[in-house]
Amino acid sequence: MAVFTVIIITLMWLLEIVFLPDIYNNAKLDEIKNTEKALSEHISTPVLLEGKAETLSRQKDICIIGYRFIQNGKAEPLFSCDVLNSCVIHSVSEKHLLSFHKTAKENGGRVLNYYRLDSKNGEFRQITSLNNGDELEYIVYSVVYKDVYGNDILVIYNSVISSVNATVKTLHGLLIIISIVMVLLSVIFTLIL
């Protein structure tokens, strides 16, 4: 019984404390990629694209913005779905928008970026990886498609990665309580049996 308790406590600790940030980040990334896949089915039908983007944005709590790049290199807005309180893609300059387009094209039509909101100056800054600290971090996924006229369609998806530290601290406290109870029950059952 004591071995069983140790195994359960170890599994709970690994899943709730060690792997939770990675599990959460991967789930958010999968959610963005599934949203992209669902929206990509409507790229060739602009009439349906905006409505589908709006629906997916609200359902998944993801900001989505779309632009068509016409022959002279100008970007014309197709749709804009802003559902987050602080959204990277709805606060970037046209220069930054062009860099999303360029970087995605250079990387086979898709690029994934991470951002953090700098609490000192209120600006978003790009980071190389998520660290799940106490600050909010953001995933920005840019995808370039071609429309029927050969123009580039840039769709950018943005989701917030909330601070996992507070959750981990809460779970850590619960894990300590559960561990104590499990050890006590294990000792009691061992003495009884």
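The values are calculated or read from the model by the stated rules, or taken from the named source; none is laboratory data. Note that this is a predicted model, so its numbers are computed, not measured. In this analysis, Cβ positions are derived from the backbone assuming ideal geometry, glycine residues included, and neighbour counts consider all displayed protein chains. All accessible areas refer to the heavy atoms of the entire protein, side chains included, with ligands and DNA or RNA removed. Shrake-Rupley method; radii C 1.70, N 1.55, O 1.52, S 1.80 Å.
Within region 69-84, take every residue that is over 15 Å from S40 (Cβ atoms) and assigned to a strand (DSSP E or B) and give me the one that is most open to solvent (accessible area, probe 1.4 Å).
Here the answer is P77.
Name every residue in region 18-56 that is of a type in the set (D, E, K, R) and either open to solvent by less than 40 Å² (accessible area, probe 1.4 Å) or touching a Ser or Thr at 6+ places or on another chain (Cβ under 8 Å) (or both), in order of residue number.
K28, E31, E36
Looking at region 67-75, can you tell me whether even one residue there is under 30 Å from V183 (Cα atoms), more than 20 Å from the chain's Cα centre (by Cα) and touching a residue at least 24 places away in the same chain (Cβ under 8 Å)? Even if it seems obvious, please write down each step before you answer.
From region 67-75, those under 30 Å from V183 (Cα atoms) are none; that's our starting set.
Checked against the condition, which is being under 30 Å from V183 (Cα atoms), more than 20 Å from the chain's Cα centre (by Cα) and touching a residue at least 24 places away in the same chain (Cβ under 8 Å), region 67-75 yields no hits at all.
Of everything in region 34-63, what is in contact with a Cys (Cβ under 7 Å, 6 or more places away or on another chain) and more than 13 Å from S80 (Cβ to Cβ)? Give them in sequence order.
Start the filter on region 34-63 by keeping residues that are in contact with a Cys (Cβ under 7 Å, 6 or more places away or on another chain), which leaves 53-54, 57, 63.
Residues satisfying the conditions do not exist here.
Of the conditions (1) open to solvent by less than 80 Å² (accessible area, probe 1.4 Å); (2) modelled with pLDDT of 80 or more, T5 clears all except one; give me its number.
Only one criterion is unmet by T5, namely (2).
Please enumerate the residues belonging to region 1-46 that are outside any helix (DSSP H, G or I) and over 24 Å from the mean Cα position of the chain (by Cα).
Listed by number, the residues that qualify are M1, S44, T45.
For region 117-136, state whether one or more residues are closer than 30 Å to Y149 by Cβ, of a type in the set (S, T, N, Q) and either at pLDDT 90 or above or surrounded by fewer than 16 Cβ atoms within 10 Å (Cβ to Cβ) (or both).
no
Looking at S162, S93, can you tell me which residue is within 17 Å of I32 (Cβ to Cβ), modelled with pLDDT under 90 and polar (S, T, N, Q)?
After ruling out the rest, the residue left standing is S162.
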